[in-house]
1. Would you check if residue 500 is modelled with pLDDT of 95 or more and over 30 Å from residue 441 (Cβ atoms)?
2. Only one residue in 558, 567 is in a helix (DSSP H, G or I), on the phi < 0 side of the Ramachandran plot, modelled with pLDDT of 95 or more and in contact with a Lys or Arg (Cβ under 8 Å, 6 or more places away or on another chain). Which one?
3. In the range 360-380, how many residues are part of a loop (DSSP other than H, G, I, E, B), β-branched (Val, Ile, Thr) and closer than 14 Å to residue 454 by Cα?
4. Any idea how many residues of the range 408-431 are in a loop (DSSP other than H, G, I, E, B) and aliphatic (A, V, I, L, M)?
5. Between 173, 219, which is part of a loop (DSSP other than H, G, I, E, B), in the same structural domain as residue 107 (by TED's automatic domain parsing) and either more than 27 Å from the chain's Cα centre (by Cα) or not hydrophobic (A, V, I, L, M, F, W, C) (or both)?
6. Mind listing whichever residues of the range 323-344 are within 22 Å of residue 513 (Cα to Cα) and loosely packed, with under 15 Cβ neighbours inside 10 Å?
7. Would you please name the residue that is modelled with the lowest pLDDT, looking only at residues in the range 464-492 that are buried (at least 19 other Cβ atoms within 10 Å of the Cβ) and not aliphatic (A, V, I, L, M)?
8. Which of the residues that make up the range 175-234 are among the aromatic types (Phe, Trp, Tyr) and touching a strand residue (DSSP E or B) at 6+ places or on another chain (Cβ under 7 Å)?
Amino acid sequence: MFPPLLPRARRLAAVAALSAVAAIAAQPAAAQSAAATPPKVLRYAFPVAETGFDPAQLSDLYSRTLISGIFESLLTFDYLARPFKMKPLTAEAMPEISPDFRQFTFRIRPGIYFADDPAFKGQKHELTAHDYVYSIKRHYDPKWKSPNLYLLENAKLIGLTELRKAAVDSKKPFPYDTPVEGVKALDRYTLQFNLAEPSPRFHQQLLTDSSAFGAVARPVVEFYGDKIMEHPVGTGPFKLAEWRRSSRIVLAKNPDFRDMRYESEPPADDPVSQEIAKKHNGRRLPMIDRVEVAIIEETQPRWLSFLNGQSDFLERLPAEFSEIAIPNNELAPNLRKQGIKMDRAPLVDITLASLFNHDNPVVGGYTPDKVALRRAISLAYNSADEIRLIRKNQAVPAQTAIAPWTFGYQPDLKTSMSDYDPARAKALLDMYGYLDRNGDGWREMPDGSPLVLEYATQPDQLSRQLVELWDKNMKAVGLKMVFKAAKWPENLKASRAGKLMMWGVAWSAGSPDGDTFLALAYGPNKGQANHARFDLPAFNELYIKQNKMPDGPERVAVMEEASKLMVAYVPYKLSSHRIATDLMQPWVYGYRRNPFIREFWKYIDVDTTIQQQQLKK
């Protein structure tokens, strides 16, 4: 798959030569004299395959990352600002919010156009409030089975739930032209949302994944129909130029992208960000010409691809190479000598060592014996070993689902979720009748029937290491666990449908609020954020209560109470909050991890001059 490692100068010469040939071949003869500098290309790899490119059908991180450079939401975040600061993107300003937090009014910036596409039949299509109305309604259309619908349903947009129900009951096409109070265009550029209940952070929900609620043009959806997952057309800085499923994705600069300038306000105590802002503020975006993404599931080839000069950027250094690349969490001298740079920051996420499907008759349920089984499994799983041996200390233990850098996170809170205590696990199992009655070394169900835990996994190195830990830990307490491997998108589809008993996954925030993590256990979110299909009335009440409250200590107290119910009932075995180390080649400039901006490509530059200078070393 990958060529042998070459001396660095030869590697860079080969890369530069190939890039130059590709650039010259793509241009007319008259323009080739101006093509001495190769195009600015950012090449990097995903560890997981994409599922497609339609905002209404996506929930996985990697597909959302790709489409975030194609589709645009109303708001975004300042790239360098810390604390994190929202600002307008396609809106002219931040929304007007009514005092009761039930009405949000946006003014769309005139003069924004969708990328050219055959669907528009040679006409330019300007972004208007009507495009956002249509895009929001698509999430309610049963045809698309939107995994993001729960965000809008929780906000209770007036009339849309009823519109969806009518479409389901009648089995007729969704009535897009039926006006509703929940989302409407007051005029060509004015968009208004009306909610049945207060939702102080509704505008942040639109950012929970900006690409999920990005503007889609109706003519494009109607033109491509069921193949819309293959034809993304948005107003963003990039457009899909090439796609080989589960192998290679190329995004090219959108020639129709508006004149958008780099504007960021970094903190005064961050000299690196200050330098980036000084160099980049005022420059037109994007600064690079193309993004090339390869799907490389195994960690070693991904790491070698970066070392070999085949990748310009290594997102989230694989943990097993941390002792080589960042001993003591500092860049290794040999990498520093080559000019490689690193950026290290916490991820705003939670790793779920396992979800427990509450519709499953073995691990699901709310009776004391079922809760005891999940608690025992949680206590028998050694999260500390996962962090130390598998993640190489590139993570911190999770006490609740709420991650650092989000509202509601309490760094001093300690719960039993991080405990490793096989003795307590055995005592719980014994107490509730999970005993080895036939002497074969494995415990049975309280009624004497076989007890077999089925754990879904993937065929990659990290998953194999986690499987080994699970197998060792469960054997130690007499629980039989079998493992079923499938590709990640297949497991995701099965999990949404409630077909998996247990599965390990992670959940990332799209905005700096802990609500997104509590949403993992909110009953109405089943099959969407709530892969555990957990539905506890006491938790649901707390979730709704905190969702309606303005930020403050009272809301934090309610969020803590809800978090503790998740710990007590164990819909998930919460494991860790990860720390990311990203590596860049010397010619990649301007990168700083912002966990709420996935399309970082438009904020970075590839310096071909520095790239050429490396050839002389």
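1. Taking the combined requirement at face value, the residue does not satisfy it.
2. Working: 567 fails: in contact with a Lys or Arg (Cβ under 8 Å, 6 or more places away or on another chain).
The unique qualifying residue is 558.
3. If we filter the range 360-380 for residues that are part of a loop (DSSP other than H, G, I, E, B), which is where we start, we get 360-367.
Keeping just the survivors that are β-branched (Val, Ile, Thr) gives 362-363, 367.
Adding the requirement that they be closer than 14 Å to residue 454 by Cα leaves 362-363.
Counting residues in the range 360-380 that are part of a loop (DSSP other than H, G, I, E, B), β-branched (Val, Ile, Thr) and closer than 14 Å to residue 454 by Cα gives 2.
4. Residues of the range 408-431 in a loop (DSSP other than H, G, I, E, B): 408-415, 419-421.
Restricting the remaining residues to those that are aliphatic (A, V, I, L, M) gives 413.
So the count comes out to 1.
5. Numbers: 219 fails: part of a loop (DSSP other than H, G, I, E, B).
Only one candidate passes the filter, namely 173.
6. To start, the set of residues in the range 323-344 that are within 22 Å of residue 513 (Cα to Cα) comprises 344.
Within the range 323-344, no residue meets the criteria.
7. Per the criteria, the residue is 488.
8. We begin by selecting, within the range 175-234, every residue among the aromatic types (Phe, Trp, Tyr); these are 176, 189, 193, 202, 213, 223-224.
Answer for the range 175-234, where residues must be among the aromatic types (Phe, Trp, Tyr) and touching a strand residue (DSSP E or B) at 6+ places or on another chain (Cβ under 7 Å): 189, 193, 202.
The values are calculated or read from the model by the stated rules, or taken from the named source; none is laboratory data. Treat the numbers as computed from the prediction; the structure is a model and nothing was measured. Here Cβ is always computed from backbone atoms with ideal geometry, including for glycine, and neighbour counts include all displayed protein chains.
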